[in-house]
Amino acid sequence: MTDTAATATARESTPEGGPAAPPPAPATPTKAGTDWWAEAKGLFWLVLAVLGFHSLIAKPFYIPSESMMPTLIKGDRLVVSKFPYGWSYVSPSFHVLPFMPGRFFGHMPERGDVVILTPPGEQSDYIKRVIGLPGDTIEVHEGVVRLNGRDLPRVAEAPAAIPIDANVPCDHGLEAQYRVVDASGHGVCALPRFRETLPNGRSYDTVDMGYIPGSGDDYGPVTVPPRRVFVMGDNRDESADSRYPTEELGLGGPVPWENLGGRADFITFSLDGRSEWYNPISWLTALRGGRSGISLHPARSTKDDRR
């Protein structure tokens, strides 16, 4: 027997020549406990990143009323960009800061922009359309908007046939009289629609349900002060905007530009009011067709008179 073979035999035998002993069992690793401090820090940074994105870049927005029909209807979900006008004290997702004058990297909006804003002294957000900028003179006469002494051109269009659902019942206020059944047998809110065009060539649809004396159909003239904007809802007869005093839940005139929270860019999706938070299937069945991805930037004609 060679030396190598003898060595191998010796390793496979006990000192008494019996069978080889089994190899020792591997040690069981000790299970480490959850590092709750690390988990908490990770969650903190995640929440901070989400809040930072919502405050500085973009955030979702829900349409809660009829004031911007026909452009926007109750149940629409939007994306609001926070940076086009710079940042101010209302930019954080939660309005926790006191009023501070000015904006960081501030820019005035363009006439026709759809903006969210926080009324002075309030915490809620409104959504309206910018009609007048600093130096503009605004007047409304029998429902027709006059900008710097000239009536804004508007053209009557086919009624805005908005489907009736839980979010748009069309059964109260001024719009109740426009509840009809279309050719396919579905209920619609056939609101009187007019295409309005600003001096910069941007145009958009508005709703005007007729002249109402003593309302916002007669207003001004008022000249917009520096660093303020004049805003109106597209649903001219059911919008609490710059035409109305704060006592009537309006904005009390032109709004400080510090109170602009961002620009509404496009609709992500829309719900008809039948969804239930505890039923995920209802989230899908309540989706309105044809409203996802609609841009909220007004169309611009070739004419562009920026006076």
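Summary of computed values
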{"quantity": "Extreme residue, farthest from Arg111 (Cα to Cα), among residues of segment 181-232 that are outside any loop (DSSP other than H, G, I, E, B) and touching a helix residue (DSSP H, G or I) at 6+ places or on another chain (Cβ under 9 Å)", "calculated": "Val188"}
{"quantity": "Every residue from segment 145-164 that is in a loop (DSSP other than H, G, I, E, B) and either buried (at least 20 other Cβ atoms within 10 Å of the Cβ) or among the aliphatic types (A, V, I, L, M) (or both)", "calculated": "Leu152, Ile164"}
{"quantity": "Subset of segment 165-180 (residues that are in a loop (DSSP other than H, G, I, E, B) and not polar (S, T, N, Q))", "calculated": "Asp165, Ala166, Val168, Pro169, Cys170, Asp171, His172"}
{"quantity": "Residue within segment 137-144 that is touching a Phe, Trp or Tyr at 6+ places or on another chain (Cβ under 6 Å), of a type outside the set (Asp, Glu), open to solvent by less than 70 Å² (accessible area, probe 1.4 Å) and not in a strand (DSSP E or B) present", "calculated": "yes"}
{"quantity": "Considering residues of segment 239-252 that are among the charged types (D, E, K, R) and open to solvent by less than 50 Å² (accessible area, probe 1.4 Å) only, the residue farthest from the chain's Cα centre (by Cα)", "calculated": "Arg243"}
{"quantity": "Number of the condition not met by Tyr85 [criteria: (1) part of a loop (DSSP other than H, G, I, E, B); (2) in contact with a Ser or Thr (Cβ under 9 Å, 6 or more places away or on another chain)]", "calculated": "(2)"}
{"quantity": "Single condition His54 does not satisfy, out of (1) part of a loop (DSSP other than H, G, I, E, B); (2) buried (at least 17 other Cβ atoms within 10 Å of the Cβ)", "calculated": "(1)"}
{"quantity": "Pair list, Cβ < 6 Å and 6+ apart or interchain, from segment 143-156 residues that are β-branched (Val, Ile, Thr) to residues that are part of a strand (DSSP E or B)", "calculated": "Val144/Asp151; Val155/Arg195"}
{"quantity": "Evaluation of Val188 against (1) without any contact (Cβ under 8 Å) to a residue 60 or more places away in the chain; (2) out of contact with any Asp or Glu (no Cβ under 8 Å at 6 or more places or on another chain) (one fails), failing number", "calculated": "(2)"}
{"quantity": "Selection count where residues are under 21 Å from Val130 (Cα atoms) and open to solvent by less than 30 Å² (accessible area, probe 1.4 Å), scope segment 171-198", "calculated": "2"}
{"quantity": "Scope segment 266-289; condition open to solvent by 20 Å² or more (accessible area, probe 1.4 Å) and either among the charged types (D, E, K, R) or under 30 Å from Gly214 (Cβ atoms) (or both); matching residues", "calculated": "Arg274, Glu276, Arg288"}
{"quantity": "Pro92, sole failed condition from (1) in a loop (DSSP other than H, G, I, E, B); (2) out of contact with any helix residue (DSSP H, G or I) (no Cβ under 7 Å at 6 or more places or on another chain)", "calculated": "(2)"}
{"quantity": "Tally, over segment 213-234, of residues that are open to solvent by 40 Å² or more (accessible area, probe 1.4 Å) and free of Cβ contacts under 8 Å to residues at least 60 places away in the same chain", "calculated": "2"}
{"quantity": "Subset of segment 118-134 [open to solvent by 10 Å² or more (accessible area, probe 1.4 Å), closer than 20 Å to Leu78 by Cα and in a loop (DSSP other than H, G, I, E, B)]", "calculated": "Gln123, Ser124, Asp125"}
{"quantity": "Test: residue in segment 247-262 that is more than 30 Å from Leu97 (Cα to Cα), without any contact (Cβ under 8 Å) to a residue 60 or more places away in the chain and in a loop (DSSP other than H, G, I, E, B)", "calculated": "no"}
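The values are calculated or read from the model by the stated rules, or taken from the named source; none is laboratory data. On a predicted model such as this, the values are computed, not experimentally measured, just so you know. Every residue, glycine among them, receives a Cβ derived from its backbone with ideal geometry; neighbour counts consider all protein chains shown. Remember, those area values only see protein heavy atoms, side chains included, never the ligands or the DNA or RNA. Shrake-Rupley method; radii C 1.70, N 1.55, O 1.52, S 1.80 Å.
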